[in-house]
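Structure first, commentary second.
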Amino acid sequence: MKSPSPTILCGGLIAMLSLSSSLLAEVPAYKMEKSFGKGDFKAPPVCVSMDAADHLYVLLRDGTVATFDADGKIAGGFKPDIKPVPETMAVADGRIYLFSTVQTEQTREIQGKKIKLMEPSGIKCAVYDPAGTKQADLKLPEAMSATDAHFIGKELVIGDFGKSQILFYQLTGNEGKVTRKIDKVFRLCCGIFDFCPGPDAHSMVVANLGAFKVQTYVDGKKTTEFGARGEKEVEFCGCCNPVNVSCLADGSIITVEKSPTRVKIYDKTGKTEKVVTGLDELVSGCLKIPIAVDSKGALYLASSEKNCIVKCVPATATR
(Lines give C-alpha, C1' and ligand atoms only; values in the text may rest on other atoms or scores of the structure.)
Protein backbone atom coordinates (compact mmCIF):
# COMPACT_ATOMS: atom_id res chain seq x y z
CA MET A 1 0.00 0.00 0.00
CA LYS A 2 1.32 3.37 -1.00
CA SER A 3 1.94 5.91 1.77
CA PRO A 4 0.27 9.31 1.45
CA SER A 5 2.52 11.94 0.01
CA PRO A 6 3.89 14.74 2.23
CA THR A 7 1.80 17.20 0.21
CA ILE A 8 -1.42 15.32 0.98
CA LEU A 9 -0.47 14.99 4.66
CA CYS A 10 0.39 18.68 4.86
CA GLY A 11 -2.83 19.64 3.10
CA GLY A 12 -4.85 17.46 5.45
CA LEU A 13 -3.14 18.97 8.50
CA ILE A 14 -3.81 22.48 7.24
CA ALA A 15 -7.45 21.58 6.63
CA MET A 16 -7.74 20.17 10.16
CA LEU A 17 -6.11 23.26 11.66
CA SER A 18 -8.41 25.49 9.64
CA LEU A 19 -11.44 23.52 10.82
CA SER A 20 -10.18 23.70 14.42
CA SER A 21 -9.65 27.45 14.16
CA SER A 22 -13.12 27.84 12.67
CA LEU A 23 -14.70 25.84 15.48
CA LEU A 24 -12.81 27.80 18.12
CA ALA A 25 -13.90 31.06 16.50
CA GLU A 26 -17.52 29.96 16.91
CA VAL A 27 -17.15 29.42 20.66
CA PRO A 28 -18.90 32.37 22.31
CA ALA A 29 -16.66 34.65 24.36
CA TYR A 30 -19.34 35.31 26.98
CA LYS A 31 -22.72 34.02 28.03
CA MET A 32 -25.60 35.41 30.05
CA GLU A 33 -25.38 34.10 33.64
CA LYS A 34 -28.24 35.70 35.55
CA SER A 35 -30.31 38.82 36.12
CA PHE A 36 -30.91 40.61 39.40
CA GLY A 37 -32.35 43.75 40.94
CA LYS A 38 -35.83 43.58 39.42
CA GLY A 39 -37.58 43.30 42.79
CA ASP A 40 -35.33 45.98 44.30
CA PHE A 41 -35.86 48.71 41.71
CA LYS A 42 -38.64 51.26 42.16
CA ALA A 43 -37.74 52.90 38.85
CA PRO A 44 -35.84 51.84 35.70
CA PRO A 45 -32.01 51.77 35.82
CA VAL A 46 -30.41 54.48 33.67
CA CYS A 47 -26.69 54.25 34.55
CA VAL A 48 -24.29 51.71 36.07
CA SER A 49 -20.79 52.13 37.47
CA MET A 50 -18.28 49.81 39.17
CA ASP A 51 -15.85 50.69 41.94
CA ALA A 52 -12.45 49.11 42.66
CA ALA A 53 -14.00 46.64 45.15
CA ASP A 54 -16.47 45.34 42.53
CA HIS A 55 -19.43 47.09 44.09
CA LEU A 56 -21.96 47.91 41.39
CA TYR A 57 -23.70 51.29 41.64
CA VAL A 58 -27.01 51.61 39.79
CA LEU A 59 -28.64 54.99 39.18
CA LEU A 60 -32.42 54.79 38.78
CA ARG A 61 -34.61 57.17 36.80
CA ASP A 62 -36.07 58.66 40.01
CA GLY A 63 -32.57 59.61 41.20
CA THR A 64 -32.08 56.73 43.65
CA VAL A 65 -28.63 55.13 43.83
CA ALA A 66 -28.66 51.40 44.63
CA THR A 67 -25.50 49.43 45.49
CA PHE A 68 -24.98 45.71 44.84
CA ASP A 69 -22.17 43.39 45.89
CA ALA A 70 -20.35 41.02 43.53
CA ASP A 71 -23.05 38.35 44.06
CA GLY A 72 -25.84 40.67 42.95
CA LYS A 73 -27.20 41.22 46.47
CA ILE A 74 -28.28 44.72 47.40
CA ALA A 75 -25.74 46.27 49.77
CA GLY A 76 -27.10 49.77 50.26
CA GLY A 77 -28.52 52.82 48.59
CA PHE A 78 -29.80 56.37 49.00
CA LYS A 79 -31.90 59.00 47.29
CA PRO A 80 -29.97 62.25 46.84
CA ASP A 81 -31.44 65.72 47.23
CA ILE A 82 -30.05 66.99 43.93
CA LYS A 83 -32.54 68.69 41.59
CA PRO A 84 -33.17 68.17 38.72
CA VAL A 85 -33.03 64.38 39.06
CA PRO A 86 -29.56 63.09 38.05
CA GLU A 87 -29.23 61.41 34.67
CA THR A 88 -25.75 59.93 34.89
CA MET A 89 -22.97 59.33 37.39
CA ALA A 90 -19.31 58.50 37.88
CA VAL A 91 -17.74 56.61 40.80
CA ALA A 92 -14.14 57.25 41.84
CA ASP A 93 -12.07 57.12 45.03
CA GLY A 94 -15.03 56.31 47.28
CA ARG A 95 -17.15 59.14 45.92
CA ILE A 96 -20.28 59.14 43.77
CA TYR A 97 -20.59 62.01 41.31
CA LEU A 98 -24.17 62.63 40.19
CA PHE A 99 -24.91 64.83 37.18
CA SER A 100 -28.16 66.49 36.17
CA THR A 101 -29.08 68.72 33.25
CA VAL A 102 -30.67 72.10 34.01
CA GLN A 103 -33.62 73.04 31.81
CA THR A 104 -34.66 76.65 31.13
CA GLU A 105 -37.58 78.04 29.20
CA GLN A 106 -36.75 79.33 25.72
CA THR A 107 -38.95 80.93 23.07
CA ARG A 108 -38.52 79.45 19.61
CA GLU A 109 -40.20 80.33 16.32
CA ILE A 110 -41.48 77.20 14.58
CA GLN A 111 -43.40 77.50 11.30
CA GLY A 112 -44.13 81.15 11.98
CA LYS A 113 -45.38 80.56 15.53
CA LYS A 114 -43.57 81.43 18.74
CA ILE A 115 -43.47 78.45 21.07
CA LYS A 116 -42.04 78.20 24.57
CA LEU A 117 -39.85 75.14 25.14
CA MET A 118 -37.78 73.75 28.00
CA GLU A 119 -34.23 73.24 26.74
CA PRO A 120 -30.90 72.18 28.31
CA SER A 121 -28.84 75.15 29.51
CA GLY A 122 -26.19 73.75 31.87
CA ILE A 123 -25.34 71.00 34.33
CA LYS A 124 -25.18 70.41 38.06
CA CYS A 125 -22.87 67.98 39.82
CA ALA A 126 -23.29 66.86 43.42
CA VAL A 127 -20.79 64.55 45.14
CA TYR A 128 -21.84 61.97 47.75
CA ASP A 129 -20.24 59.25 49.82
CA PRO A 130 -21.65 55.69 49.55
CA ALA A 131 -23.89 56.32 52.58
CA GLY A 132 -25.58 59.22 50.79
CA THR A 133 -23.99 62.13 52.64
CA LYS A 134 -23.32 65.06 50.34
CA GLN A 135 -19.66 66.01 50.14
CA ALA A 136 -19.64 68.86 47.63
CA ASP A 137 -21.29 70.67 44.74
CA LEU A 138 -19.08 71.11 41.68
CA LYS A 139 -19.20 73.98 39.24
CA LEU A 140 -18.67 72.72 35.69
CA PRO A 141 -18.93 75.46 33.04
CA GLU A 142 -19.43 75.19 29.26
CA ALA A 143 -21.48 71.98 29.25
CA MET A 144 -25.09 72.21 28.07
CA SER A 145 -26.03 68.70 29.21
CA ALA A 146 -24.54 65.69 31.00
CA THR A 147 -25.15 62.43 29.17
CA ASP A 148 -22.15 60.39 30.37
CA ALA A 149 -19.24 60.96 32.75
CA HIS A 150 -15.99 59.20 33.69
CA PHE A 151 -12.65 59.95 35.29
CA ILE A 152 -9.79 59.45 32.83
CA GLY A 153 -6.46 59.89 34.56
CA LYS A 154 -7.01 62.76 36.97
CA GLU A 155 -9.52 64.56 34.74
CA LEU A 156 -13.29 64.47 34.95
CA VAL A 157 -14.66 63.94 31.44
CA ILE A 158 -18.26 64.80 30.47
CA GLY A 159 -20.19 63.69 27.38
CA ASP A 160 -22.45 66.59 26.38
CA PHE A 161 -25.16 65.51 23.92
CA GLY A 162 -26.60 69.03 23.79
CA LYS A 163 -23.48 70.40 22.11
CA SER A 164 -22.18 67.10 20.65
CA GLN A 165 -18.94 67.47 22.55
CA ILE A 166 -16.73 65.84 25.15
CA LEU A 167 -15.28 68.15 27.79
CA PHE A 168 -12.18 67.49 29.91
CA TYR A 169 -12.17 69.15 33.34
CA GLN A 170 -9.29 69.72 35.72
CA LEU A 171 -10.79 69.90 39.22
CA THR A 172 -9.46 72.41 41.73
CA GLY A 173 -11.46 72.39 44.92
CA ASN A 174 -15.12 72.47 43.91
CA GLU A 175 -14.57 74.03 40.49
CA GLY A 176 -13.75 72.50 37.15
CA LYS A 177 -11.75 74.17 34.42
CA VAL A 178 -12.07 72.95 30.83
CA THR A 179 -8.60 71.96 29.63
CA ARG A 180 -9.66 70.73 26.18
CA LYS A 181 -12.63 69.43 24.26
CA ILE A 182 -13.54 67.15 21.37
CA ASP A 183 -16.32 68.59 19.22
CA LYS A 184 -17.68 68.86 15.67
CA VAL A 185 -16.84 65.19 14.96
CA PHE A 186 -19.72 63.22 16.46
CA ARG A 187 -22.93 62.11 14.74
CA LEU A 188 -25.29 61.53 17.64
CA CYS A 189 -28.85 60.27 17.76
CA CYS A 190 -31.75 59.43 20.12
CA GLY A 191 -30.34 61.47 23.02
CA ILE A 192 -27.58 58.87 23.52
CA PHE A 193 -23.87 59.66 23.94
CA ASP A 194 -21.63 57.06 25.57
CA PHE A 195 -17.89 56.62 26.07
CA CYS A 196 -15.56 54.84 28.48
CA PRO A 197 -11.96 55.01 29.71
CA GLY A 198 -9.70 53.29 27.17
CA PRO A 199 -7.15 50.53 27.55
CA ASP A 200 -4.20 52.93 27.75
CA ALA A 201 -3.45 55.90 29.96
CA HIS A 202 -5.30 59.07 28.92
CA SER A 203 -7.28 57.13 26.31
CA MET A 204 -11.02 56.84 25.80
CA VAL A 205 -13.34 54.83 23.56
CA VAL A 206 -16.41 56.58 22.12
CA ALA A 207 -19.60 55.11 20.65
CA ASN A 208 -20.17 57.47 17.70
CA LEU A 209 -23.50 55.78 17.07
CA GLY A 210 -24.85 57.98 14.27
CA ALA A 211 -21.71 57.21 12.26
CA PHE A 212 -21.80 53.48 13.21
CA LYS A 213 -18.24 53.85 14.48
CA VAL A 214 -16.24 53.03 17.59
CA GLN A 215 -13.44 55.55 18.00
CA THR A 216 -10.43 55.66 20.31
CA TYR A 217 -8.95 58.98 21.43
CA VAL A 218 -5.68 59.57 23.27
CA ASP A 219 -5.16 62.98 24.88
CA GLY A 220 -8.18 64.19 22.94
CA LYS A 221 -6.88 63.11 19.51
CA LYS A 222 -8.43 60.27 17.52
CA THR A 223 -6.03 57.37 17.00
CA THR A 224 -8.16 54.49 15.67
CA GLU A 225 -11.71 53.69 14.63
CA PHE A 226 -13.70 50.76 13.32
CA GLY A 227 -17.25 49.91 12.40
CA ALA A 228 -19.65 50.08 9.48
CA ARG A 229 -23.39 50.04 8.99
CA GLY A 230 -24.79 46.71 7.86
CA GLU A 231 -26.65 43.55 8.75
CA LYS A 232 -23.63 41.27 9.20
CA GLU A 233 -22.74 40.24 12.72
CA VAL A 234 -19.45 42.13 12.57
CA GLU A 235 -21.28 45.33 11.49
CA PHE A 236 -23.68 47.65 13.33
CA CYS A 237 -27.31 47.62 12.24
CA GLY A 238 -30.44 49.70 12.88
CA CYS A 239 -30.89 53.46 12.83
CA CYS A 240 -27.84 54.07 15.04
CA ASN A 241 -25.44 51.76 16.89
CA PRO A 242 -23.57 50.92 19.09
CA VAL A 243 -25.35 52.70 21.93
CA ASN A 244 -22.83 51.81 24.65
CA VAL A 245 -19.21 50.75 24.95
CA SER A 246 -16.83 49.47 27.63
CA CYS A 247 -13.36 47.90 27.86
CA LEU A 248 -11.88 44.75 29.38
CA ALA A 249 -8.56 44.78 31.22
CA ASP A 250 -6.74 43.31 28.19
CA GLY A 251 -7.83 46.24 26.02
CA SER A 252 -10.69 44.44 24.28
CA ILE A 253 -13.62 46.70 23.41
CA ILE A 254 -17.19 45.71 24.22
CA THR A 255 -19.98 47.14 22.07
CA VAL A 256 -23.66 47.07 22.95
CA GLU A 257 -26.40 47.41 20.33
CA LYS A 258 -30.16 47.86 20.63
CA SER A 259 -32.94 46.60 18.35
CA PRO A 260 -31.86 43.81 18.31
CA THR A 261 -29.78 43.55 21.49
CA ARG A 262 -26.27 42.42 20.55
CA VAL A 263 -23.15 42.49 22.70
CA LYS A 264 -19.85 41.90 20.92
CA ILE A 265 -16.19 41.91 21.87
CA TYR A 266 -13.46 43.24 19.58
CA ASP A 267 -9.75 43.60 20.04
CA LYS A 268 -8.70 47.23 20.43
CA THR A 269 -8.08 47.62 16.69
CA GLY A 270 -11.52 46.26 15.82
CA LYS A 271 -10.17 43.16 14.04
CA THR A 272 -11.47 40.38 16.29
CA GLU A 273 -15.18 39.83 16.88
CA LYS A 274 -16.91 37.54 19.37
CA VAL A 275 -20.44 37.52 20.72
CA VAL A 276 -22.25 37.23 24.03
CA THR A 277 -24.88 34.49 23.88
CA GLY A 278 -28.09 33.81 25.80
CA LEU A 279 -29.32 37.41 25.85
CA ASP A 280 -32.98 38.30 25.44
CA GLU A 281 -34.03 41.61 23.92
CA LEU A 282 -33.15 44.09 26.68
CA VAL A 283 -34.87 47.15 25.21
CA SER A 284 -37.14 47.96 22.29
CA GLY A 285 -36.60 51.02 20.16
CA CYS A 286 -33.95 53.68 20.56
CA LEU A 287 -32.80 53.24 24.16
CA LYS A 288 -29.35 52.90 25.66
CA ILE A 289 -28.13 49.77 27.47
CA PRO A 290 -25.59 50.99 30.06
CA ILE A 291 -22.72 48.59 30.83
CA ALA A 292 -20.16 48.16 33.61
CA VAL A 293 -17.29 45.65 33.92
CA ASP A 294 -15.87 44.20 37.14
CA SER A 295 -12.27 43.20 37.93
CA LYS A 296 -12.91 39.59 36.82
CA GLY A 297 -14.22 40.66 33.44
CA ALA A 298 -17.91 40.04 34.12
CA LEU A 299 -20.30 42.35 32.25
CA TYR A 300 -23.30 44.06 33.85
CA LEU A 301 -25.98 45.36 31.46
CA ALA A 302 -28.84 47.62 32.58
CA SER A 303 -32.27 47.14 31.03
CA SER A 304 -34.60 50.09 31.60
CA GLU A 305 -37.53 48.10 30.18
CA LYS A 306 -37.05 44.90 32.20
CA ASN A 307 -36.03 46.82 35.34
CA CYS A 308 -33.04 44.60 35.99
CA ILE A 309 -29.31 44.12 35.64
CA VAL A 310 -28.12 41.25 33.43
CA LYS A 311 -24.77 39.69 34.34
CA CYS A 312 -22.69 37.99 31.62
CA VAL A 313 -19.57 35.91 32.32
CA PRO A 314 -16.83 34.27 30.22
CA ALA A 315 -18.17 31.12 28.56
CA THR A 316 -16.41 27.76 29.04
CA ALA A 317 -15.80 25.89 25.79
CA THR A 318 -17.15 22.32 25.78
CA ARG A 319 -15.64 19.58 23.70
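A single member of Ala302, Ala292, Ala249 is under 30 Å from Thr67 (Cβ atoms) and surrounded by fewer than 18 Cβ atoms within 10 Å (Cβ to Cβ), and it is Ala249.
Here Gly72, Gly12, Gly39 are screened, and the one residue that is over 22 Å from Thr133 (Cβ atoms), in a helix (DSSP H, G or I) and either modelled with pLDDT of 80 or more or not aliphatic (A, V, I, L, M) (or both) is Gly12.
Right, Leu282: crowded, with 18+ Cβ neighbours inside 10 Å and either at pLDDT below 95 or not in a strand (DSSP E or B) (or both) or not? Break it down stepwise before answering.
Numbers: crowded, with 18+ Cβ neighbours inside 10 Å: yes; either at pLDDT below 95 or not in a strand (DSSP E or B) (or both): yes.
Yes; evaluated as a whole, the condition is true for this residue.
Go through region 198-220 residue by residue and tally those that are on the phi > 0 side of the Ramachandran plot, out of contact with any Gly (no Cβ under 8 Å at 6 or more places or on another chain) and in contact (Cβ under 8 Å) with a residue 40 or more places away in the chain. Lay out the reasoning, then the answer.
Of region 198-220, the ones on the phi > 0 side of the Ramachandran plot are 202, 212, 219-220.
Adding the requirement that they be out of contact with any Gly (no Cβ under 8 Å at 6 or more places or on another chain) leaves 219-220.
If we keep only those that are in contact (Cβ under 8 Å) with a residue 40 or more places away in the chain too, we end up with 220.
The qualifying residues number 1.
Of the set (1) under 21 Å from His150 (Cα atoms); (2) surrounded by 21 or more Cβ atoms within 10 Å (Cβ to Cβ); (3) not aliphatic (A, V, I, L, M), all apply to Lys258 but (1).
Residue count for region 231-247 satisfying the condition of being at negative phi and modelled with pLDDT under 95: 7.
For region 182-197, filtering for residues that are under 15 Å from His150 (Cβ atoms) and in contact with an Asp or Glu (Cβ under 9 Å, 6 or more places away or on another chain) leaves 4. Condition check for Ala146 on (1) over 22 Å from the mean Cα position of the chain (by Cα); (2) within 23 Å of Asp93 (Cα to Cα); (3) outside any strand (DSSP E or B): one failure, at (1). On the given criteria, is Pro314 in contact (Cβ under 8 Å) with a residue 60 or more places away in the chain and either farther than 28 Å from Asp62 by Cα or hydroxyl-bearing (Ser, Thr, Tyr) (or both)? So Pro314 passes the test.
The values are calculated or read from the model by the stated rules, or taken from the named source; none is laboratory data. Please read these numbers as outputs of a predicted model, since none were measured by experiment. All Cβ positions, glycine included, derive from the backbone under ideal geometry; neighbour counts span all protein chains shown.
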